[in-house]
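Enquirer: Structure in structure tokens, see below.
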Amino acid sequence: MLKRALALFLSCLSLMGTTSLGADGDDPSMGGGLTNLNMPKGVTEVSQVAYDVHMLMMWICTAIGVVVFGFMFYVMYAHRKSRGVEAANFHEHLGVEIAWTVVPALILIFMAIPATSALLKVYDTENADLDIKVTGYQWKWQYEHLGEGIKYMSEMRTSIDEIEGREPKGEHYLREVNQPLVIPVNKKVRFLITGNDVIHSWWVPDFGVKRDAVPGLFTAAWARVEEPGLYVGECTELCGKGHPFMPIVVEVKEEDDYNLWLAGKKEEAALYASTIGKQWSHEELMSKGEDVYKISCAGCHQADGNGISGIFPALNGSSIVQGPADGHIAVLINGIAGSSMQSFADQLSEVDIAAVIHYKRNTWDNSVGDIVQPIDVLNFKTAQ
Amino acid sequence: MAHGPAEGITRWLYTTNHKDIGTLYLWFSFAMFLTGGFFAMVIRAELFQPGVQLVQPEFFIQMTTMHGLVMVFGAIMPAFVGLANWMIPMMIGAPDMALPRMNNLSFWILPFAFAILISTLFMEGGGPNFGWTFYAPLSTTYAPDSVNYFIFAVHIMGASSIMGSINIIATVMNMRAPGMTYMKMPLFVWTWLITAFLLVAVMPVLAGAVTMMLMDINFGTSFFNAAGGGDPVLFQHVFWFFGHPEVYIIILPAFGVVSQIIPTFSRKPLFGYSSMVYATAAIAFLSFVVWAHHMFTVGMPIAGELYFMYATMLIAVPTGVKVFNWITTMYRGAITYETPMLFCIAFVILFTFGGFTGLMLSVAAADIQYHDTYFVVAHFHYVMVAGAVFSGTAAVYYWLPKWCGRMYDETMGKVQFWLAFIAFNITFMPQHFLGLAGMPRRYADYGLQFADWNMVSSVGAFLYGGAQILFLYNVVRTIMYGEPVKEAKVWEGAEGLEWLVPTPAPYHTFIRPPVVTSSAAGEDEWSISGATPHVAFKAAPGAG
Ligand code: HEM
Ligand SMILES: [Cu+2]
Ligand SMILES: [Cu+2]
């Protein structure tokens, strides 16, 4: 750490001399970022107009600042008592007072014009080529390709060991997910954004899209990305303790690749449907269940199943967990109203739900022994 | 006849004296300032490096929430109420506040409010963890149980603020000395009068917001619960209808302080007194009609976005008028740079800088990129810390000799100023870069590309914390060992009735109102009975 502080100090020095600098070495843990001073220009029309009006405003403010502060510093220097000046006694001048009301007002009108046209761009959501539904969950995103029947969860992949410093931080620390959103290049993609539990906000700086994901409300934003590649964003509305840990990664593919990917996804879905009816073994369910538990439940109920007293109940020894399977399935499918225990019906597949239930019933101090099958979950769902 | 204060602790518990209550408010606010500052140190220590080191993310967001709440409601607002208590009666020639018993009450409920609020940190499930803006449903359906204590604390703070403001309004309207017409009142009194009206108007709205939360949480209503037909966005409208005027509640008294101090050390009357009054009123009015500029990303209809964008930009006009007036006050003055003046000059520069970023934020299309990033954090610290806190510090150095009859050590004052000024900029300037580069606010952890500027910012924050300890030291040292001051008019260029009363200000001042006569040159001359006439206003402000 001392080493880093020293490197930082040196790169600060080099920043003074040159603008292309320093700390962005090869070692990613050396950080860098001293050169990241400005808003990215981005890869969509909206991000570019946002960038342009940002720069315009910045230069206008700089110009006003130079004039105002320049005059102020002159006054501070020239009208010091220590130079022997006598204070004047005037305290009004209608002319200048009118001038410095009217001139700023005119500058504002001048600013308002590009500001308005930029905003019209942001709101131009008509005539989209495809629609993606984006849903914010505590603490992950769900993407649905509307009309294609494809829907998946996107969760951060950075491990808790990296976060808590037991393992070195990788190059993509906090910026990696298990399944990025995939969209085609040069197509007008409309995002229909909503929230499931609390308010989140879906932000991809390079697209110039930031939109709050509010439960019960759908709003639209759009992007036509001009370059294929990986784009990273973040959740920007405080949504609880996992707020920094629900990054957004968007993979923009050439149209052909996108279609291939879509076809692959559809095949996967069909394959999955065929496994739902199969009888799963104890071992299969336990290993799948453990994975699901770590990703979807441990954040609240903790890896050891003991929860956090006062907020998240222990599942270890819980009577619901060890009770009849149906009661347990009901908690996962319907959630618990008025608490942060949400419904997992749309987030997890039937297989995942069955696996995690089976896992919890047979780990830690719990040992129920029976087997909960995916088909039980499906039956429960259809019976509702 | 004029009896002194009671002895012992009961002096402070039962006091109805505006100076005692002012002192209580000021010390309370400083204690809260250090408490909130401690929370900030926890935040910056955790953000010193990427990764989770010192505190868990859950506790981290409790810290950000508490920091914001304690600083806004516990440090800045009571500080200016304290200044108002001390100075307004002395500035308008009144013997005390109009409603002294209510004054006692409005102070003494505050420590309870904050004791309740801070105690939530030790409750099962933790303290409030939803940010100082406490957006529903994170603060309702998903809140820890302690949220009910938070709501109660906010109610008490609101009651305290409303009582305090009613008192100020009643005092200014009824207790001015004969001849102290509205347009002769010092600007500090004006800005507080307008602030008090803002407070009376919006604190009930805040109370409404938290009451709706209380109902949603405990009594099954669904104001903000989408599942029950409510609307989470409604919460934000209600909150910001309070919240935006609130930021002007914080800054207007600061404008008043600066408008007192700059003329003193420029040895020249305030330029554009009446336009200052009108600009303050204009800002106050506009502050009611711009609230949704905090909500540019919720997906309002475009007409709404455009309206709130234009209205917000408009605020720059009266704000600009104020800045120009201050600078023109200095123009052709005979300026000296004592500590209060240094803080005021830093105020003008840094506040204006924050105004520039405010103007940038008002452009909705660009705000989509800035919103909820560190750019916004930098913006409001430039206006609230370099604005309100710097001017509050200036006010303490400026009036301390009058309060306690002792002079602070100028060198130590300057050391504190430069430390605070430099550390402030090291802390918050990089946050602009972090925000533009994409770092969201209220993050307990961040990607590696943000590591370096965060480290710089944390170092600055620790230095800034140190500057506050130095401030405490300076004040305590002055009170105990400072050079005694005898002159009623402590500063050569000072104007106003508070400089007419002896130094240190006796326990009771203006038991008989000061008398104003008109000199041959048409200037107001104020005197207190028994003393030789003393020219308090060279040229009556606004009379010219
Ligand atoms: C020229 C004057 C100003 C303008 C145009 C302005 C504009 C804005 C805008 C548009 C935002 C919302 C940014 C966002 O969240 O995306 C904002 C945030 C904020 N401003 Fe200002 N502002 C001005 C002066 C002030 C002053 C004087 C204060 C307080 C002393 C202040 C305190 C704040 C605070 C506390 C926030 C952040 C609130 C939060 O989300 O926690 N601003 N300002
Ligand atoms: Cu979030
Ligand atoms: Cu505002």
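The values are calculated or read from the model by the stated rules, or taken from the named source; none is laboratory data. None of the values given here were measured: they were computed from a predicted structure. Backbone-built Cβ (ideal geometry, glycine too); neighbour counts: all protein chains shown.
Enquirer: Is it fair to say B:Asp452 is without any contact (Cβ under 8 Å) to a residue 12 or more places away in the chain, within 14 Å of chain A (Cβ to nearest Cβ) and either outside any helix (DSSP H, G or I) or closer than 20 Å to B:Val377 by Cβ (or both)?
Expert: Judged against the criteria, B:Asp452 is a match.
Enquirer: Sticking with this structure for a sec: Which ones in the stretch B:99-130 are within 30 Å of B:Gly228 (Cα to Cα) and surrounded by 18 or more Cβ atoms within 10 Å (Cβ to Cβ)?
Expert: Those that are within 30 Å of B:Gly228 (Cα to Cα) and surrounded by 18 or more Cβ atoms within 10 Å (Cβ to Cβ): B:Leu117, B:Thr120, B:Gly126, B:Gly127, B:Pro128, B:Asn129, B:Phe130.
Enquirer: I'd like the full set of residues that are assigned to a helix (DSSP H, G or I) and among the small types (Gly, Ala, Ser), limited to the stretch B:67-121.
Expert: Within the stretch B:67-121, the subset assigned to a helix (DSSP H, G or I) is B:67-92, B:100-121.
Across the stretch B:67-121, the qualifying residues are B:Gly68, B:Gly74, B:Ala75, B:Ala79, B:Gly82, B:Ala84, B:Ser106, B:Ala113, B:Ala115, B:Ser119.
Enquirer: If I ask for residues that are part of a loop (DSSP other than H, G, I, E, B) and within 15 Å of A:Glu290 (Cβ to Cβ), which ones from the stretch A:322-366 would you list? So that I can check it myself, show each step before the final result.
Expert: Let us first name the residues in the stretch A:322-366 that are part of a loop (DSSP other than H, G, I, E, B), namely A:323-324, A:335-349, A:362-366.
Hits for the stretch A:322-366 are A:Leu348, A:Asn362, A:Thr363, A:Trp364, A:Asn366.
Enquirer: Conditions: (1) more than 16 Å from ligand 3 (Cβ to nearest atom); (2) surrounded by fewer than 22 Cβ atoms within 10 Å (Cβ to Cβ); (3) within 14 Å of chain A (Cβ to nearest Cβ). B:Thr133 meets all but one. Number of the miss?
Expert: (1)
Enquirer: Among the residues of the stretch B:279-297, what is the count of those that are farther than 17 Å from B:Pro245 by Cα and either touching a Lys or Arg at 6+ places or on another chain (Cβ under 7 Å) or at pLDDT below 95 (or both)? Steps first, please.
Expert: Pass one, the stretch B:279-297, residues farther than 17 Å from B:Pro245 by Cα: B:296-297.
This time we only want the ones that are either touching a Lys or Arg at 6+ places or on another chain (Cβ under 7 Å) or at pLDDT below 95 (or both), so: B:297.
Matching residues across the stretch B:279-297 total 1.
Enquirer: I'm checking my understanding of the structure. Among residues of the stretch B:20-60 that are closer than 30 Å to A:Arg175 by Cα and acidic (Asp, Glu), which one is nearest to the other protein chains (Cβ to nearest Cβ)?
Expert: As a first pass, look at the stretch B:20-60 and keep what is closer than 30 Å to A:Arg175 by Cα: B:39-60.
Pick out the ones that are also acidic (Asp, Glu) and you get B:46, B:58.
On the way: B:Glu46: 11, B:Glu58: 4 Å.
My answer is B:Glu58.
The rows are residues; the columns are (1) of a type in the set (A, V, I, L, M); (2) more than 28 Å from B:Ile327 (Cβ to Cβ); (3) away from chain A (no Cβ under 14 Å).
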residue	(1), (2), (3)
B:Thr357	no, no, no
B:Val363	yes, no, no
B:Ala378	yes, no, no
B:Met384	yes, no, yes
B:Tyr464	no, no, yes
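Enquirer: What is the residue count in the stretch A:194-224 for residues that are assigned to a strand (DSSP E or B), closer than 14 Å to B:Thr373 by Cα and within 9 Å of another protein chain (Cβ to nearest Cβ)?
Expert: So in the stretch A:194-224, the residues assigned to a strand (DSSP E or B) come out as A:194-195, A:200-204, A:209-213, A:215, A:219-224.
Those still in the list that are closer than 14 Å to B:Thr373 by Cα too: A:200-204, A:209-212.
Next, only the ones that are within 9 Å of another protein chain (Cβ to nearest Cβ) stay: A:201, A:203, A:209-212.
Qualifying residue count, the stretch A:194-224: 6.
Enquirer: Considering only the stretch B:250-265, I want to know if a residue exists there that is within 16 Å of ligand 2 (Cβ to nearest atom), surrounded by 24 or more Cβ atoms within 10 Å (Cβ to Cβ), within 13 Å of another protein chain (Cβ to nearest Cβ) and assigned to a helix (DSSP H, G or I).
Expert: no
Enquirer: Let me ask something else. Which ones in the stretch B:469-485 are touching a Cys at 6+ places or on another chain (Cβ under 8 Å) and closer than 16 Å to B:Ala394 by Cα? Working first, answer last.
Expert: Within the stretch B:469-485, the first condition is being touching a Cys at 6+ places or on another chain (Cβ under 8 Å), and the residues that meet it are B:478-479, B:482.
Selection gives B:Thr478 alone.
Enquirer: Restricting attention to the stretch A:232-246, and to residues there that are buried (at least 24 other Cβ atoms within 10 Å of the Cβ) and touching a residue at least 24 places away in the same chain (Cβ under 8 Å), which single residue is farthest from ligand 3 (Cβ to nearest atom)? Break it down stepwise before answering.
Expert: Start the filter on the stretch A:232-246 by keeping residues that are buried (at least 24 other Cβ atoms within 10 Å of the Cβ), which leaves A:234-239, A:243-244.
Filter once more, so that each one left must be touching a residue at least 24 places away in the same chain (Cβ under 8 Å): A:234-237, A:239, A:243-244.
Details: A:Glu234: 23, A:Cys235: 22, A:Thr236: 18, A:Glu237: 17, A:Cys239: 22, A:His243: 22, A:Pro244: 25 Å.
My answer is A:Pro244.
Enquirer: Here's something else I'd like to know. Being under 21 Å from A:Gly240 (Cα atoms), modelled with pLDDT of 95 or more and among the aliphatic types (A, V, I, L, M) is true for just one of B:Ile43, B:Ile76. Which residue is that? Explain how you work it out, then say what you get.
Expert: On the way: B:Ile76 fails: under 21 Å from A:Gly240 (Cα atoms).
After ruling out the rest, the residue left standing is B:Ile43.
Enquirer: OK, next. Could you tell me which residue of the stretch B:266-297 is nearest to ligand 2 (Cβ to nearest atom), considering only residues that are within 11 Å of another protein chain (Cβ to nearest Cβ) and not in a loop (DSSP other than H, G, I, E, B)?
Expert: Step one: of the stretch B:266-297, the residues within 11 Å of another protein chain (Cβ to nearest Cβ) are B:266-276, B:278-279, B:282, B:295-297.
Restricting the remaining residues to those that are not in a loop (DSSP other than H, G, I, E, B) gives B:266, B:273-276, B:278-279, B:282.
Values: B:Ser266: 48, B:Tyr273: 48, B:Ser274: 48, B:Ser275: 44, B:Met276: 42, B:Tyr278: 43, B:Ala279: 39, B:Ala282: 37 Å.
Only one residue tops the list, namely B:Ala282.
Enquirer: Mind checking which helices (runs of 4 or more DSSP H) fall wholly inside the stretch B:305-378 and carry at least 2 residues that are away from ligand 2 (no atom under 16 Å from the Cβ), surrounded by fewer than 24 Cβ atoms within 10 Å (Cβ to Cβ) and of a type in the set (Asp, Glu)?
Expert: Numbers: elements: B:316-330, B:339-362, B:364-370.
No helices (runs of 4 or more DSSP H) qualify here.
Enquirer: Being in a loop (DSSP other than H, G, I, E, B) and either facing chain B (nearest Cβ under 7 Å) or closer than 17 Å to A:Gln48 by Cβ (or both) is the filter here, so list the residues in the stretch A:225-241 that pass it. Step through it out loud before you land on a result.
Expert: From the stretch A:225-241, those in a loop (DSSP other than H, G, I, E, B) are A:225-228, A:236-241; that's our starting set.
Within the stretch A:225-241, A:Val225, A:Glu226, A:Glu227, A:Thr236, A:Glu237, A:Leu238, A:Cys239, A:Gly240, A:Lys241 qualify.
Enquirer: Next question, about the same structure. For the stretch A:307-329, how many residues meet the condition of being away from chain B (no Cβ under 11 Å) and surrounded by fewer than 16 Cβ atoms within 10 Å (Cβ to Cβ)? Give the steps one after another, and end with the answer.
Expert: Applying the first criterion (away from chain B (no Cβ under 11 Å)) to the stretch A:307-329 yields A:307, A:313-329.
The next check asks that each one be surrounded by fewer than 16 Cβ atoms within 10 Å (Cβ to Cβ); those that pass are A:317, A:319-320, A:323-324, A:326-327.
Number of matching residues: 7.
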